Amino acid sequence: MIMKKILAILLLALIAMTACNRKAASNNGKLKGRLIIKELCAHYVIEVIEGNVDTSMVVNNWRDEKRNKTYNKVFTVANRCTFPASELKEGDEFEFSFDKNPPPEDCMVCMAYYEVPAKRNAVKIIHAPAGN
């Protein structure tokens, strides 16, 4: 009788652990970000505000002199041609993932300079705010 109870408890614990692992795997790679810079000539900077991000892909403690603000976990958008900037405005929060295989960048981008973080990543927007 005691052995059956122990087996039942172990089975329930195993089922619960499997469900938790499945949920964690489904969120793998999904991050929440905020568009902190949207400047002329397709200069876009994203701050990671939720999710586990590889620290080698972002810059911590980066300062934007124009806005006189310091940000953590930021990077420059590398796929400027395909980034859906028209759907976002500065300050918008959205879900995204890093795009490991972005399409070729073949659009025209002007050459005006704006200081941005040195780390560059291509992104895919998973969910953008509605109404923009």
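Here are the numbers:
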| read-out | value |
| --- | --- |
| Which of I36, I125, I46, I2 has the fewest Cβ neighbours within 10 Å, and the rest in rising order | I2, I125, I36, I46 |
| Full-extension gain in nm, C41 to N101, via 0.36 nm per residue minus C-alpha separation | 19.3 nm |
| Residue exposure sequence - Y71, Y113 - by fewest surrounding Cβ within 10 Å | Y113, Y71 |
| N72 versus H127: modelled label distance in nm, points set 7 Å from Cα along the beta carbon direction | 2.5 |
| Pairs of lysines in the stretch 31-127 (C-alpha under 15 Å apart; 8 or more residues apart or interchain) | 8 |
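Readers should treat all values here as calculations from the given coordinates under stated rules, not as data from a laboratory. Treat the numbers as computed from the prediction; the structure is a model and nothing was measured. Cβ coordinates were reconstructed from backbone atoms using ideal geometry, including for glycine residues, and neighbour counts include every protein chain displayed.
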